[in-house]
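One structure is given here, and the rest of the page talks about it.
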Amino acid sequence: MDKISIIGGNPLKGSLKISGAKNAALPLLAAGLLTKDPVILTNLPELSDITTFLDLMAHMGCDCIREPGQVTLRTPDVLDLEAPYELVRKMRASVLVLGPVLSRFKEVRLSLPGGCAIGTRPVDLHLKGLEKMGAEIILSEGYVTAKAPKGLKGCDYTFPIVSVTGTENLLMAACLAHGTTRLLNAAQEPEVTDLAHCLVGMGAKISGIGTSTLVIEGQAELGGTTHSILPDRIETGTYAIAAAITGGSITLENTSLKLLPLVTQTLCQVGLGLEQKGDNVEVNSPAHGLKPQDIITEPFPGFPTDLQAQFMALMTTINGASSITETIFENRFMHVPELARMGADIAVKGNTALVRGVSSLKGAPVMATDLRASVSLVLAGLAAEGETLVSRVYHLDRGYEKIEEKLSACGAHIKRIRKDPVIDEPSINTTSSLKIASSGHA
Ligand code: UD1
């Protein structure tokens, strides 16, 4: 397996381009299953999670033509109503095919998903919502089978807790249901809003977009569209923190602070300068030290759980004490022992981590455990004295496009060490089921 080597201590300087959002791209790809007409998605990030999802789409009958930065999806009919274990186990977001395939083809069978090891992460809310829309749900041998021979029916469904992919699944299902669906306590994440806008472009009737109540009037069919995927707010926050942790100043191109209201406010309280200039965000470290800050993760517009690990890495380097409370996932402090290997002082009690800043982190061999935990180790490595060697970097490749290139362009000493330097493995696997329009670009 590849490793990433980082020699810390260089303040970042320069600019890097923020990619399209992975967590918006995945439901948008699934939306391509809702119509026989072409759906073209641009600003598509080059990530292994996207390849995994396209493999699943291709298996189910979607003709996926991938070109640099975009994909064209055509699903004239379904080939296979089953999303098998081998494809689903790699990524929990595979559950997003459930709503679209069931609502359009009246039946679907899906292996219960895997993904990042951050807690038990059930999909019961997705299933309860579909059941409320009239689907018959059968769980057996690790698979869920959902059937609605006469089609799904509109209903009122209140999420007992906010679920991002749960909202996206039911939103897509409701677009082709008979009658009106009201989703209450719906997720308001910008990625949900981006999906809703794309669905409207496909002919869906949705009101309340961007709020916690989405009202969807089902349509007999949807058509094609072209949609540009919104910028990745988690990548934006990650690189802003990278600038802060190194005492650097960088420009993040093609992104918006509007996607990160509370993170922007929190980082400003920490002492970082953040300014929107057109489509770019300027990040400036102050001449004097940063201040500690307490955070609690919450659904949007709260502080995102997907930036918790990165924020913790920053807090380990800031003089003083800060507390970090994780309310979304129960097992999301797996980066703590790894940061401790680098000299961080962190005490975890229940779902709160108390971080006391140390004068310097020390480079060490560390292991990535999930996507966001792994990038927090990269950030810590950028600030640490000496070499940090991050193993299991396939987690990073799931969600950070060209991370070494982007950070190197800003002066970081970071490089990938291939498992076998003779056979230069591509970092993203492609399979024969996917058509690649441009050779060499996955
Ligand atoms: C999405 C994001 C992920 C992010 C998370 C929270 C994608 C592809 N992934 O994940 O990066 O960390 O939102 O912002 O967009 N829950 C249930 N039953 C369900 C569904 C969820 O109990 O049926 C619980 C989960 O275990 C968790 C909480 O609800 O405790 C929120 O999870 P959810 O918003 O569904 O996360 P994902 O959509 O999987």
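Size descriptors for region 312-386, from the alpha-carbon set: Rg then Dmax equal 11.4, 34 Å. Note on region 108-265: Kirkwood radius taken over Cα pairs, Stokes-Einstein applied at 20 °C and 1.002 mPa s, translational D equal to 122 µm² s⁻¹. What's the long-distance tail for region 240-371, i.e. % of Cα pairs beyond 23 Å? Here the tail beyond 23 Å accounts for 32 percent of pairs. When the chain is treated as a Gaussian network with alpha carbon springs shorter than 10 Å, the biggest mean-square fluctuation among 141, 221, 401 belongs to 141. Quick one: pull the percentage of alpha-carbon pairs in region 182-235 with a separation above 14 Å. Of all Cα-Cα pairs in region 182-235, 54 percent lie more than 14 Å apart. The alpha carbon convex hull volume per residue for the chain rounds to 129 Å³. Over the chain, accessible surface divided per residue gives 38 Å², non-protein components excluded, 1.4 Å probe. In the frame of its principal axes, region 53-200 has Cα extents of 39, 37, 35 Å, reported largest first.
Do any of 22/362; 36/106; 349/419; 90/402; 153/258 go past 27 Å between their Cα atoms, and which? Flagged as over cut-off: 22/362; 349/419; 153/258.
In the frame of its principal axes, region 1-113 has Cα extents of 56, 28, 19 Å, reported largest first.
Here region 122-171 was treated as a single set of alpha-carbon atoms; its pair distances binned every 5 Å from 0 give 5, 20, 31, 24, 16, 4, 0 percent.
Just the number: Rg to Rh for region 202-316, Cα atoms, Kirkwood Rh, two decimals. Let's see the in-between values first.
Values: Rg = 17.5 Å, Rh = 16.0 Å.
Checking Rg against Rh, the ratio lands at 1.09.
Using only the C-alpha atoms, the convex hull of region 14-56 corresponds to 69 Å³ per residue.
The values are calculated or read from the model by the stated rules, or taken from the named source; none is laboratory data. Predicted model, so just to flag it, every value in this text is computed and none were measured. Just so you know, the surface numbers come from the protein's heavy atoms only, side chains and all, with ligands and any DNA or RNA stripped out. Shrake-Rupley method; radii C 1.70, N 1.55, O 1.52, S 1.80 Å.
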